[in-house]
Every structure is written in C-alpha cells, then in structure tokens.
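Here's the structure, in structure tokens; my notes come after.
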Amino acid sequence: WAGLSVLFLSGIASAINTLWSRSASRLTGRYVVGNLADLLPGSKTPVTIQTPRRGDPLNPLQAEVYLARLDERQAARNPGAQEGMVYAFWRKCPHLGCTVPWVDSFSFHDPRSGATYPGWFRCPCHGSTYSDAGVRVFGPAPRSLDMFPVTIESDGAIVVDVSQVMRGSAQNAEHGVLPSAETGGARA
Ligand code: FES
C-alpha cells in the first residue's frame, strides 16, 4: 500500500507540475516594437520580444516576430488583405517550431494564383512556405503562421500584444491592421 500511495502521489505531483510549467511559460504583455514611419510598405522587420518568465526573472521568454507591412502588389496577391496592412507574425513554425525566415530571393509557385514570384516565408526545416500575409501555401505545417494582435498608436508607435496568439488560418490576410491617415497610414 505504501508503494501504491507513493506512485499515486507522484502521479498527481507530476500532473500539477505539468500544468504549472505551462502557465509559467506563457508569453505576456504589450510591447512597443517600432514606429510606422520606419516600417516601409513591402518590408519585413525581424523583432525579438522578451517577456518575463514567471518564477525566473533572470531568464526571460523570447518571441521572435516579423513585423510586415504590405505594399500594393503584395496585398493583391493575398485575398482579404489591403495595401498598407500591418501584421506581427510569430516566426515559430506551426509544424515543429523551427524559426521561419523571410527569404527575399526564394522564388515559389503560388497555388492560389498560379503565378511564380520571389519573396516568401520559408521554413528551413521541412520547407513549409508562407505568403507575405503568412498564409501557408506549401509544406507539412498544419496551418498558416500564427500572429499577435497589433495596435498603431496615434504617434505611429507599433504595439504588439504577445499574450494573445491569433492562430494562423487561410484567412490570415484579413487580420492585418490598416493604419489610419493620422498615424501615417495614408497613401502618398
Ligand atoms: Fe517548419 Fe517543419 S518545422 S516545416
């Protein structure tokens, strides 16, 4: 009986530990990551966001993010997007978690339009390929790139909320933020 009790208690302890470590490792907070004036249409800017790790303040969590702002051509390639929309893509591949780079020179066939053009998010591990708007078009990833909510403040500051992960989907393109004219989002 003593042995069974120890086994039972250790099972409960490990279940509690699993739950605790999950909540402890969550990304939290809103962070200013740049200014709209510096995020040119068509550009992708990599940003590393550090957030405190509960119970271990000296060892923060990191989220690797791409800020992206679509130009006219990119918006046209992604149904649901609009020129000037801003996105914060989590670079963690939804397949097995590799860090996904933007590859300007990588040319790929877009199955949505039939066109071939350079400039894709391309996972180096197993080749999952995502469009300018983070939409998965190829590879073993089960969905499009996950995103974080973006807010553009009145002074143009870009704020990313890493506490809410927006699960990637075929509708990624619709979920960008269109800056207002006041924040510098007007077309030239
Ligand atoms: Fe990205 Fe497998 S981890 S495709």
Segments 145-153, 50-58 sorted - mean Cβ within 10 Å per residue, highest first: 145-153, 50-58
Total charge dipole magnitude, the chain, about the Cα centre, Cβ charges on Lys, Arg, Asp, Glu only, Debye to nearest 20: 640 debye
Rounded to whole Hz, the Karplus (6.51, -1.76, 1.60) HN-Hα couplings of segment 115-121, x for glycine and proline: 8, 10, 7, x, x, 9, 7
Using alpha-carbon coordinates, inclination of helix 2-24 to the longest axis of the chain, degrees: 20 degrees
Charge dipole of segment 58-188 about the Cα centre (unit charges at C-beta), most positive-ward option of Ala173, Ala63, Gly127: Gly127
Those chymotrypsin sites (Phe, Trp or Tyr not before Pro) in segment 85-123 that DSSP places in a loop and that have at most 15 other beta carbons within 10 Å: none
Most to least packed among 158-167, 65-74 [average Cβ atoms within 10 Å]: 65-74, 158-167
Hull volume in cubic angstrom per residue (convex hull over the Cα atoms of segment 108-188): 126 Å³
Integer Hz, Karplus 6.51/-1.76/1.60 couplings in order for segment 95-100, x for Gly and Pro: 6, 10, x, 5, 7, 8
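FYI, it's all coordinate maths here, none of it is from the lab. Being a predicted model, the structure only gives us computed values, none of them experimental. When we count neighbours, we look across all protein chains shown, and the Cβ atoms used for this are built from the backbone with ideal geometry, even at glycine.
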